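Engineer: Below: one structure in structure tokens.
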Amino acid sequence: MVLPILDEEETLPELHRRLDAVLGGMDVRAEMVFVDDGSTDGSADWLRRRAAEDPRVRLLRLSRNFGHQAAILAGLEAARGDAVVIMDGDLQDPPEVLPDLVDAWRRGGDVVYAVRDGHLGDGRLKRTLASIFYRVFRAATSIDAPLDAGDFRLLDRRVVDELTAMGETHLFLRGLTRWLGFRQVSVSYRREARYGGAPKYSTWRSLRLALDGLTSFTAAPMGWMMGIGSAVATIGFLYAAYYVLLKLLVQPESLVPGWTTLLAAILFLGGLQLFCLGLIGLYIGRIFEEVKKRPRYLVQETVDGSGDG
């Protein structure tokens with residue numbers, strides 16, 4: 001189990017209790033790799049105490065908040081199991097789905113992703129934006145990403161090894177696991193409401209993740225901008241032909257000079273050009289960050305199941 005957490009002190013006792021109950025009824029040997037992504041509450045202290053009591057609990061404490069995807073990667077690189085389950089620590093992904101994921105893996109699935117049949121705890125805006133993003137992502141790339149699947153999934157050891165061997169700085173693990181191929185199957189589940197506390201993954205962070213995913217897998221948006229620019233130029237030419245030629249030849253008295261149309265055209269074209277330049281700059285910025293090859297995360301502290309640091 002890889003469980004990224006951020007300020008989940010009030011959720012951790014219930015999370016551990018439910019994981020303990022589920023794993024106790026399964027024929028598996030398991031470890032729980034909690035990745036503390038820069039928590040400022042007592043999450044790390046609670047996990048240290050639990051690791052001293054439960055040999056299955058391991059703590060990776062990052063030196064600061066590196067982001068959700070980097071925290072998952074840290075857990076994947078530390079995990080030792082034949083199969084690894086990624087699950088958020090807020091209990092919206094219920095531990096009771098674990099037996100279904102493991103059963104599908106034992107039947108031959110290399111990637112078993114959990115597909116939501118409900119969206120409890122997610123606002124309408126977030127659900128709408130997610131639905132739009134996945135449809136745009138599938139249209140712009142060759143990656144057939146499932147519409148209602150997040151990071152909650154089981155990965156076979158072969159998939160984990162291939163995934164952690166990639167050196168990308170901006171991670172979009174949902175797309176990468178799909179891109180890797182192997183045999184991928186799904187398991188349906190009902191997402192639960194958040195157990196306690198406030199959501200740590202805001203709509204803005206979700207938008208940033210969506211942007212990372214899109215720019216990591218395709219350069220199609222730059223092609224779209226070229227198409228939009230061509231369309232705007234064509235519309236401008238046709239409008240000029242209509243306004244100048246037709247009006248001049250048929251209704252010359254209606255050709256009244258004015259600044260409103262000219263100003264609107266300049267502002268529209270200027271805004272479009274700035275948007276296109278910003279999009280190009282975004283891709284250049286991604287190149288700049290990738291070539292530096294900085295570590296994607298830093299581990300400040302590791303506590304094994306024996307309680308030893």
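The values are calculated or read from the model by the stated rules, or taken from the named source; none is laboratory data. Computed from a prediction, not measured in an experiment: that's the story for all the values here. Positions of Cβ are generated from backbone atoms using ideal geometry, with glycine treated the same way; all protein chains shown enter the neighbour counts. Surface accessibility is based on the protein's heavy atoms, side chains included, excluding ligands, DNA and RNA. Shrake-Rupley method; radii C 1.70, N 1.55, O 1.52, S 1.80 Å.
Engineer: Which order do you get for 166, 32 if you rank them by accessible area with a 1.4 Å probe, largest at the top?
Structural biologist: From most exposed to least exposed: 166, 32.
Engineer: Can you list residues from other chains, or at least 5 along the same chain, whose modelled amide H is less than 5 Å from the amide H of residue 115?
Structural biologist: 187, 188, 189
Engineer: A further question on this structure: List, in order, the whole-Hz ³J(HN,Hα) value for each residue of the range 76-92 obtained from phi through the Karplus relation with A = 6.51, B = -1.76, C = 1.60 and θ = phi - 60°; use x for Gly and Pro.
Structural biologist: 5, 6, 8, 5, 10, x, 5, 9, 10, 9, 9, 8, 5, x, 9, 6, 6
Engineer: Shifting gears a bit: Simple spin-label model, 7 Å along Cα-to-Cβ: residue 301 to residue 103 in nm?
Structural biologist: 4.0 nm
Engineer: Here's something else I'd like to know. Local charge sum around residue 174 (other residues, Cβ-Cβ under 10 Å, Lys/Arg +1, Asp/Glu -1)?
Structural biologist: Counting the neighbours of residue 174, the net charge comes to +1.
Engineer: Keeping all protein chains in the complex and leaving out DNA, RNA and ligands, what accessible area do you get for residue 189 with a 1.4 Å probe, in Å² to the nearest 10?
Structural biologist: 10 Å²
Engineer: From the backbone phi of the range 5-15, what are the Karplus-calculated ³J(HN,Hα) couplings (6.51 cos²θ - 1.76 cosθ + 1.60, θ = phi - 60°) in whole Hz, Gly and Pro given as x?
Structural biologist: So the J values, rounded to whole Hz, are 9, 8, 6, 10, 4, 6, 8, 4, x, 5, 4.
Engineer: Please give the net charge around residue 298, taking every other residue with its beta carbon less than 12 angstrom from that of residue 298, where Lys and Arg add +1 and Asp and Glu add -1.
Structural biologist: Residues near residue 298 contribute +2 overall.
Engineer: Taking H placed 1.01 Å from N in the peptide plane, check which residues at least 5 places from residue 32 or on another chain put their amide H under 5 Å from its amide H.
Structural biologist: Distant-sequence amide H within range of residue 32: 57, 58.
Engineer: With a 1.4 Å probe and every protein chain left in place, tell me how much accessible area residue 35 has, in Å² to the nearest 10.
Structural biologist: That residue has around 0 Å² of solvent-accessible surface.
Engineer: Next question, about the same structure. Give me the number: length gained by fully extending residue 273 to residue 186, i.e. 0.36 nm times residue separation minus the C-alpha to C-alpha distance, one decimal in nm.
Structural biologist: 27.0 nm is the gain from fully extending residue 273 to residue 186.
Engineer: Using amide H atoms built 1.01 Å from N in the peptide plane, name the residues 5+ places from residue 79, or on other chains, whose amide H lies under 5 Å from its own.
Structural biologist: Long-range HN contacts for residue 79: none found.
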